[in-house]
Amino acid sequence: MLKINQMYKEKIRFLISGGFSTSLSYLLYATMIYFDFRYYLSMTMAYMLGYISNFVIGRYWVFEGGRKLNSISKEIFLTLAVTITGLVLNLLIIKILSETVFHINYYLSGFIAIFIVTFWNYWGRKKWIYN
């Protein structure tokens, strides 16, 4: 029973911290799009801001077991690998939704991409880093 409660606690904390980081990221992304920055620069900058906030919150609040890793540099490297993969997925989704297939605006495609890739970020961190 204790393990089940811990699992739900972790997922709820991930959703809260992810919601905060995602909101922060999307706000920067939308602001940069508004000022006519290209989507790939906007998403990259936004994603890196989200990575920093998510790393700190994830390490100390969501995946409390992450502090068991012997090396913070190893933890940074692994979370950065998950994040870069997520960034590439985000950029591909935006390109498909806005430039090649559906031609929807960048605000909506960025929102959809961030929403989809959130699941990758949780799974990647949980399975490869904070297991």
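As a proxy for reagent exposure, Y29, Y34 were ordered by neighbouring Cβ count within 10 angstrom, fewest first; the result is Y34, Y29. What's the FRET efficiency of W61 with A30 using the Cβ-Cβ distance as r and R₀ = 41 Å, to the nearest 0.05? That gives a FRET efficiency of 0.95.
Considering only L49, L91, L27, the Gaussian network model of the chain with Cα springs below 10 Å gives its largest mean-square fluctuation to L27. The Cβ shell under 15 Å around L41 holds other residues with a net charge of 0, Lys and Arg each +1, Asp and Glu each -1.
Between I72 and I12, full extension at 0.36 nm per residue minus the direct alpha carbon distance yields a gain of 19.2 nm.
So, in nm, how far is label S23 from label L80 when the simple model puts each one 7 Å beyond its Cα toward the Cβ? Result for the modelled spin labels: 2.9 nm.
Of T44, T100, the sequence from fewest to most neighbouring Cβ atoms within 10 angstrom is T100, T44. When the inverse distances between all different Cα atoms of the chain are averaged and flipped, the Kirkwood radius reads 15.2 angstrom. Under the combined filter of DSSP loop state and at most 12 neighbouring Cβ atoms within 10 Å, segment 15-109 retains these trypsin sites (Lys or Arg not before Pro): R38. Charges on Cβ only, +1 for Lys and Arg, -1 for Asp and Glu, centred on the Cα centroid of the chain; of N90, I114, L78, which one is farthest towards the dipole's positive end? After comparing all options, I get L78. Label reach from W128 (point 7 Å along Cα→C-beta): in segment 74-97, amide nitrogens under 17 Å belong to 74-92. Here the chain is assigned +1 on the Cβ of each Lys and Arg and -1 on the Cβ of each Asp and Glu. Its dipole about the Cα centre then comes out at about 600 debye. Distance between the modelled labels on N105 and Y40, one decimal in nanometres: 2.4 nm (7 Å Cα→Cβ projection).
Where a number appears in this text, it was derived from the coordinates with a stated rule and is not lab data. Quick caveat: nothing in here was measured; it's all calculated off a predicted structure. Glycine also receives a Cβ, built like all others from the backbone with ideal geometry; neighbour counts cover every protein chain displayed.
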